[in-house]
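Data block below; observations after.
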Amino acid sequence: MTTAVIASPSELAIKTDGLTKRFGRQTVVDDLALSVPRGSVFGFLGPNGSGKTTTIRMLLGLAQASAGDISVLGERMPQRLGGVLPRVGALIEGPGFYPFLSGSANLHRLDSADGFAPRGTRSERVAHALDRVGLSHAADKKVRAYSLGMKQRLGIANALLAPRDLIVLDEPTNGLDPQGTREVRSLIRSLADEGTTVFVSSHLLAEIEQMCTHAAVMRAGRLVAQGTLDELRSAGATRVSITTPDVEAATRVLLALGLDPGLPDATGPVAASVAGAASAGQPGTILSAALPEAVAPEDIVAKLVADGVRVRGFSVDHASLEDLFVALTGEGFDVVQ
Ligand SMILES: Nc1ncnc2c1ncn2[C@@H]1O[C@H](COP(=O)(O)OP(=O)(O)O)[C@@H](O)[C@H]1O
Ligand SMILES: [Mg+2]
């Protein structure tokens, strides 16, 4: 599902270095170094207020950076705005539509306001964009009668009025019900299947996990993690849990191997194995420790057995992305279906 990060600058759809935005004394984007590979579906994840929209506005030349460099599709921004913007479609913070105009009329209006869009092909492009987002049947309906999901898809249609190399979507599923969310998610996947790079922000981890190949995590204006989803997952801690009646001997073995065992707390990630052990009627205590990279789980078992420790249960658990993000951002993330 994931592709390797390709580091060559020409292979990057978006690259920022030292990107910073201050509002007065407040730094809301701080020294940001983003690398978004071409062809990726890149999730830009962070709690509300972490600086996502501000970053996106700078990427598109809608806000001026206080410091730093931006390149989009290999061109410097905002210096090369005129060359870059026609290749980029964007949806930022809910588009403004006229409720008394139809979906089609709104797109015509927005396209005519776009100085880069050729007029001769407008009707054709509007019809094609509406088709792409599954709104052809509602093209002549007034936007006032659209559901939230339809409005959001119309916003994405606006981003698709011309063939694009990069689509930037700021919280495209915000306010959508599960059905609308699924529709937007599958639309994003189909864009990616055609080779368009998609940069999509969200404060919902589950959403990023379901549709992205890569992600960057923001916390209070700073980048706290970036990479393929697999890389992010493997950055999370791995823990081993041992169920044994021989607590002291097991503790000695773990300490000798460089692990720092403790009894799992009832709410931690290993709480499930505590419950599991209890319900299975296994006597014994569960010891749990972070697994250092240099230690192989099978060596722990071998040493425990060699030292006469009776092992009733042994498990290796990778932290979920959720655990990692909660640790990185200090926040829980909402869950979507
Ligand atoms: N025009 C502005 N003037 C002052 N502060 C702003 C402005 N725009 C955004 N901010 C502040 O910048 C921070 C980041 O906001 P934003 O980029 O919208 O975050 P996100 O999109 O991740 O929710 C917030 O604290 C917000 O209040
Ligand atoms: Mg935002």
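The values are calculated or read from the model by the stated rules, or taken from the named source; none is laboratory data. If you're wondering where the values come from, they're calculated on a predicted model, not measured in any experiment. Note that we place each Cβ from the backbone using ideal geometry, even for glycine, and neighbour counts take in every protein chain shown. These accessible areas exclude ligands, DNA and RNA; they are computed on the full protein's heavy atoms, side chains included. Shrake-Rupley method; radii C 1.70, N 1.55, O 1.52, S 1.80 Å.
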Task: Search result, residues across segment 10-67 that are open to solvent by 40 Å² or more (accessible area, probe 1.4 Å), more than 26 Å from Thr213 (Cα to Cα) and within 16 Å of ligand 2 (Cβ to nearest atom) - done: Phe23, Gln26, Leu62
TODO: For residues that are over 10 Å from Leu91 (Cβ atoms) and within 16 Å of ligand 1 (Cβ to nearest atom), scanning just segment 162-182, find the one that is modelled with the highest pLDDT.
DONE: Thr173
Task: Residue count for segment 207-241, restricted to those that are within 21 Å of Arg182 (Cβ to Cβ), more than 8 Å from the chain's Cα centre (by Cα) and not in a helix (DSSP H, G or I) - done: 1
Open item on the list: Tally up the residues in segment 185-206 that are more than 16 Å from ligand 2 (Cβ to nearest atom) and either open to solvent by 30 Å² or more (accessible area, probe 1.4 Å) or in a loop (DSSP other than H, G, I, E, B) (or both), please.
Closed with: 7
Open item on the list: Looking for something within 30 Å of Tyr146 (Cβ to Cβ), within 16 Å of ligand 1 (Cβ to nearest atom) and either of a type in the set (Gly, Ala, Ser) or not in a helix (DSSP H, G or I) (or both) - is there at least one such residue anywhere in segment 14-25?
Closed with: no
Open item on the list: Filter segment 139-184 down to the residues that are within 16 Å of ligand 2 (Cβ to nearest atom) and either among the charged types (D, E, K, R) or open to solvent by 20 Å² or more (accessible area, probe 1.4 Å) (or both) and list them by number.
Closed with: Asp170, Glu171, Asn174, Gly175, Leu176
Open item on the list: Yes or no: segment 183-194 includes at least one residue that is in contact with a strand residue (DSSP E or B) (Cβ under 6 Å, 6 or more places away or on another chain), in contact (Cβ under 8 Å) with a residue 40 or more places away in the chain, within 16 Å of ligand 1 (Cβ to nearest atom) and under 30 Å from Tyr98 (Cα atoms).
Closed with: no
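Only one residue in Ala159, Ala139 is among the small types (Gly, Ala, Ser) and modelled with pLDDT of 95 or more, so which one is that?
On the way: Ala159 fails: modelled with pLDDT of 95 or more.
One residue alone meets the criteria, Ala139.
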Open item on the list: Any residue that is of a type outside the set (Asp, Glu), modelled with pLDDT of 95 or more, within 23 Å of Ile208 (Cα to Cα) and within 13 Å of ligand 2 (Cβ to nearest atom) - is there at least one of those in segment 70-79?
Closed with: no
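Have a look at Ala90, Ala63 and point out the one that is at pLDDT below 95 and either acidic (Asp, Glu) or not in a strand (DSSP E or B) (or both).
Details: Ala90 fails: either acidic (Asp, Glu) or not in a strand (DSSP E or B) (or both).
Only one candidate qualifies: Ala63.
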Task: Given (1) within 13 Å of ligand 2 (Cβ to nearest atom); (2) open to solvent by 40 Å² or more (accessible area, probe 1.4 Å); (3) without any contact (Cβ under 8 Å) to a residue 60 or more places away in the chain, index of the condition Gly82 fails - done: (1)
TODO: Collect the residues in segment 85-135 that are closer than 13 Å to Lys151 by Cα and of a type in the set (Ser, Thr, Tyr), keeping them in residue-number order.
DONE: Tyr98, Ser102, Ser104
Task: Test set (1) modelled with pLDDT of 90 or more; (2) open to solvent by 10 Å² or more (accessible area, probe 1.4 Å) - Glu231 fails condition number - done: (1)
